[in-house]
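Shown next, in structure tokens, is the structure this report addresses.
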Amino acid sequence: AVLLALLLLLPAALSAQRYTCASPDGRNVITFDVGDSLRLSLARGGAAILRSSTIGLSIEGEEFFGARSAVRAAATRGADTLLRPEVRQKSALIRDRYNELTLEFVQPFSVTLRAFDDGIAYRFSTRLAGERNVAGEVAQFAFPESSVVTFPEEESFQSHNERTYLHLPIGEIGPERFCSTPALVSVPGGIRAVITESDLDDYPGVWL
């Protein structure tokens, strides 16, 4: 899956841990807190883009990945390569430059965080044998209250993804409303954040 126990009684599982991952240019900084839940936040140039937001993953037949989890190993790496897309659109070459933090948990899963100069990404991976079904996912995005969202509102889960984009204050979108991706959020200070997905395989996609 994209970005979340057998040893929950260990002291490490009961104390909060904090990790950070910064983009190569240092402007985007992900803060990742591990405690009773998994929470990430994002600042760009010191300004809050995402406030503390919960993520998690539920695999059929397994405990929820993201509740009272304990990190057993952390690894970092950087990358700076060129991608050549099969179908050239804006560019024949795309620079793929990021810093990465991978947290491996006592439970059979890991979370990989990537900080790019122009965005962030996260992905869940599991160490489970065989094929498994994703039963549910928690993916919260807590933007500042005065943000405005360009919202491709949907009326059902059957969609051609050709919706009219509504421009709404984020506070006007109640829990009964939902949209497909991508969705664009205009954050105070002139930042525009797009929520989307990448590299999907055998996964139904996210609705917001």
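What to note about this one:
- Loop-located GluC sites (Glu not before Pro) in region 46-89 (DSSP state other than H, G, I, E, B) with a sparse environment of at most 12 neighbouring Cβ atoms within 10 Å: E60, E86.
- Expressed in units of 2.2 N^0.38 Å, where N is the residue count, the Cα radius of gyration of region 21-89 is 1.48.
- For region 137-152, the Karplus equation 6.51 cos²θ - 1.76 cosθ + 1.60, evaluated at θ = phi - 60°, returns couplings of 9, 9, 9, 8, 10, 9, 8, x, 4, 8, 5, 10, 10, 8, 10, x Hz by residue, with Gly and Pro reported as x.
- Ranked order, V106, V194 - accessible area, probe 1.4 Å, largest first: V194, V106
- Of the chymotrypsin sites (Phe, Trp or Tyr not before Pro) in region 130-208, the ones in a loop by DSSP (not H, G, I, E or B) with at most 13 other beta carbons within 10 Å are F157, W207.
- Heavy-atom surface analysis with a 1.4 Å probe gives region 19-146 a carbon and sulfur content of 47 percent of its accessible area.
- Heavy-atom accessible area per residue - the chain, 1.4 Å, Å²: 59
- Summing Cβ point charges (Lys, Arg +1; Asp, Glu -1) relative to the Cα centre of the chain gives a dipole of roughly 820 debye.
- For A183, distant residues with modelled amide H under 5 Å away: I195
- Extension gain from T150 to D25, taking 0.36 nm per residue of separation minus the Cα-Cα distance: 42.2 nm
- For the set T20, T31, T81, solvent exposure ranked by accessible area (probe 1.4 Å, protein chains only) runs largest to smallest as T20, T81, T31.
- Sequence of Y98, Y122 when ordered by accessible area, the most exposed leading, probe 1.4 angstrom: Y122, Y98
- Structure-derived Cα extents along the principal axes in Å - corresponding label in (i) 55, 34, 32; (ii) 77, 34, 32; (iii) 49, 39, 37: (iii)
- Cα Rg over Rh - region 125-208, Kirkwood: 1.02
- For region 51-130, the alpha carbon positions stretch 44, 26, 25 Å along the principal axes, listed from largest to smallest.
- Extension gain (nm, one decimal) between T196 and E60, 0.36 nm per residue minus Cα-Cα: 46.5 nm
- Here the dipole of region 121-208 is about 300 debye; that uses its Cα centre as origin and unit charges on the Cβ of Lys and Arg (positive) and Asp and Glu (negative).
- Distance from the alpha carbon centroid of region 132-164 to that of region 20-44 works out to 22 angstrom.
The values are calculated or read from the model by the stated rules, or taken from the named source; none is laboratory data. Just so it is clear, the model here is predicted, and its values are computed rather than measured. Heads up, the Cβs are rebuilt from the backbone with ideal geometry, glycines too, and the neighbour counts pull from every protein chain shown. Heavy atoms of the whole protein, side chains included, go into the accessibility calculation; ligands, DNA and RNA do not. Shrake-Rupley method; radii C 1.70, N 1.55, O 1.52, S 1.80 Å.
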